[in-house]
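The values are calculated or read from the model by the stated rules, or taken from the named source; none is laboratory data. These numbers were taken from a predicted model, which means no experiment stands behind them. Here the Cβ positions follow ideal geometry from the backbone for every residue, glycine too, while neighbour counts run over all protein chains shown.
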Amino acid sequence: MSETSTLTEADAQAFRERCRTFLDEHATGMPSGARAADDRGRSLVDAAKAFQMKLAEAGLAGLTFPKEYGGQGLSRAHERIWREEYARYPDMTSELTISHGMCLPVLNDFGTHEQKARFLAKNISGEEVWCQMFSERAPAPTSPASRRGRIGTATRGHQRPEGLDHLAHHSDYGVLIARTNPDAPKHAGISMFIVDMRAPGVEIRPIHQIDGSRHFNEVFFTDMRIPADWLLGELNNGWNQATAMLMYERVAIGTGSTSGVNRPNADRLIEEATSAASSPIPCCARTSCASTPRRPPSRWCPCAPAPR
């Protein structure tokens, strides 16, 4: 990945036009009914994968990732141009935020050559979707064999690390951090693993959210076996990879490239706030609110004084 740009102004404009041409044809919004479908996000994931595969076919996926692993090997300047143009269109890949914004760069930074050769290209193209599981419920006992670097199991018996994840039920693989040295300080003794989400011992339970959706999950691992060569990064140094992944998460969300604070989401937030502000809210001393306990009006209450 090139840190600096060697793009001429003409090359930059040509690449920008290439991005616009692709987006005009393919970034037309999610299929009708996809967001309303009662399939726990399956329709949205399928649409995102279809768009990403077309992006890969056009040579516009994984712009800054190495060619040998399925990327384009281009510069950050190319990536910046793509982000600028994509922000003008409907977001087609919000369901791949974790897969592309968090798991992909961590795999690229910390994965072995064999891991990157196996996993990066299919992640970049959207053929395989990844999730991330960080919330640890209980420590995973470590056998003497694993202390020697032979990671044979992640959990045993009733010791079950638990992960919380968005769309784990539609993911092919995931990234898990588990405690592999219970005698080390809390931030140490943790390792990061690649997990097959269809492997025996993986249990995905939907979390029913207040808005009625069920795209978030609890994920439990019981007697699940992980190949030794699926250790991601150094043994007992998973804290390093975990903090790197969280930094990538901030970038993925903050830039607005995938489900972040982009214009469509901002417009929707403003619309919701305006609608709430214009509706009677039982939070103050108005007659319509007399049946509720009185408290100072919120900033969105129609009775609230206008800001100075």
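Observations, loosely collected:
- Pairs where the first residue, in region 62-89, is outside any helix (DSSP H, G or I) and the second is of a type in the set (Asp, Glu), C-beta under 7 Å, 6+ apart: LEU63/GLU79; THR64/GLU79
- Strands (runs of 3 or more DSSP E) lying entirely in region 187-228 (those with 3 or more residues that are in contact with a Leu (Cβ under 6 Å, 6 or more places away or on another chain) and under 19 Å from GLU128 (Cα atoms)): 190-196
- Between CYS103, CYS131, the distinction of being part of a strand (DSSP E or B), touching a Cys at 6+ places or on another chain (Cβ under 8 Å) and at pLDDT 90 or above belongs to CYS131 only.
- Residue count, region 72-113 (criterion: within 30 Å of SER43 (Cβ to Cβ) and in contact with a Gly (Cβ under 7 Å, 6 or more places away or on another chain)): 5
- Test: residue in region 39-61 that is under 21 Å from the mean Cα position of the chain (by Cα), modelled with pLDDT under 90 and loosely packed, with under 15 Cβ neighbours inside 10 Å: yes
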